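Worksheet for the structure shown next.
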Amino acid sequence: KHRYEPFLRALRAARPGVPIIMAERCDVYCLGPDVKDRFARSLYDKLIAEGWKDLHYLSKEGMYSGDSEGTVDGTHPNDIGMLSLAKAFGAAVAEALKLNR
């Protein structure tokens, strides 16, 4: 909570032209935003209101299927889980880099 905003500001200062993706945390259930996700979303909204460009937000929706098949133990992804995560993050990166045009 105390490091996230300073980290983003330092990253933007060091690499002003590079898109940044803020992502929610997802476990096997992806049951909606938790406390940390709500904090990240409020920080994202704050930075967008300040005029930040090339800042993207990836919600946990779609990171896992929600059927417990994507992890070994409810936390650590297996091959199916990694594929699901790769699709979610791949789409976000493609959007951030404007590759879907």
**OP:** Give the stretch 2-26 a look and list any residue that's touching a strand residue (DSSP E or B) at 6+ places or on another chain (Cβ under 6 Å) and open to solvent by 40 Å² or more (accessible area, probe 1.4 Å), or say none.
**Re:** 21
**OP:** Could you tell me whether residue 99 is more than 16 Å from residue 5 (Cβ to Cβ), of a type in the set (A, V, I, L, M) and free of Cβ contacts under 8 Å to residues at least 12 places away in the same chain?
**Re:** yes
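Here is a yes/no grid of residues against (1) free of Cβ contacts under 8 Å to residues at least 24 places away in the same chain; (2) on the phi > 0 side of the Ramachandran plot; (3) of a type in the set (A, V, I, L, M, F, W, C):
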| position | (1), (2), (3) |
| --- | --- |
| 7 | yes, no, yes |
| 13 | yes, no, yes |
| 23 | no, no, yes |
| 42 | yes, no, no |
| 47 | no, no, yes |
| 51 | yes, yes, no |
| 58 | no, no, yes |
Original post:
Under the condition of being among the aliphatic types (A, V, I, L, M), part of a loop (DSSP other than H, G, I, E, B) and within 18 Å of residue 30 (Cβ to Cβ), which residue from the stretch 48-101 is nearest to the chain's Cα centre (by Cα)?
Top reply: 63
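Looking only at the stretch 49-89, count how many residues are within 14 Å of residue 19 (Cβ to Cβ), of a type outside the set (Asp, Glu) and either in contact with a strand residue (DSSP E or B) (Cβ under 6 Å, 6 or more places away or on another chain) or open to solvent by less than 70 Å² (accessible area, probe 1.4 Å) (or both). Can you show your working first?
First, the residues of the stretch 49-89 that are within 14 Å of residue 19 (Cβ to Cβ): 52-58, 89.
Checking which are of a type outside the set (Asp, Glu) leaves us with 52-53, 55-58, 89.
Keeping just the survivors that are either in contact with a strand residue (DSSP E or B) (Cβ under 6 Å, 6 or more places away or on another chain) or open to solvent by less than 70 Å² (accessible area, probe 1.4 Å) (or both) gives 52, 55-58.
So the answer is 5.
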Original post:
Checking residue 27 against (1) acidic (Asp, Glu); (2) modelled with pLDDT under 95; (3) part of a helix (DSSP H, G or I), which single condition isn't satisfied?
Top reply: (3)
**OP:** Of all residues in the stretch 27-48, count the ones that are under 21 Å from residue 88 (Cβ atoms), of a type in the set (Lys, Arg) and out of contact with any strand residue (DSSP E or B) (no Cβ under 8 Å at 6 or more places or on another chain).
**Re:** 2
Original post:
Mind checking which residues of the stretch 30-81 are at pLDDT 85 or above and of a type in the set (Ser, Thr, Tyr)?
Top reply: 42, 44, 57, 59
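The values are calculated or read from the model by the stated rules, or taken from the named source; none is laboratory data. Everything numeric here is computed off the predicted structure, so don't read it as measured data. So basically every Cβ, Gly included, is an ideal-geometry build from the backbone, and we count neighbours across all protein chains shown. Ligands, DNA and RNA are excluded from the accessible area calculation, which covers all protein heavy atoms including side chains. Shrake-Rupley method; radii C 1.70, N 1.55, O 1.52, S 1.80 Å.
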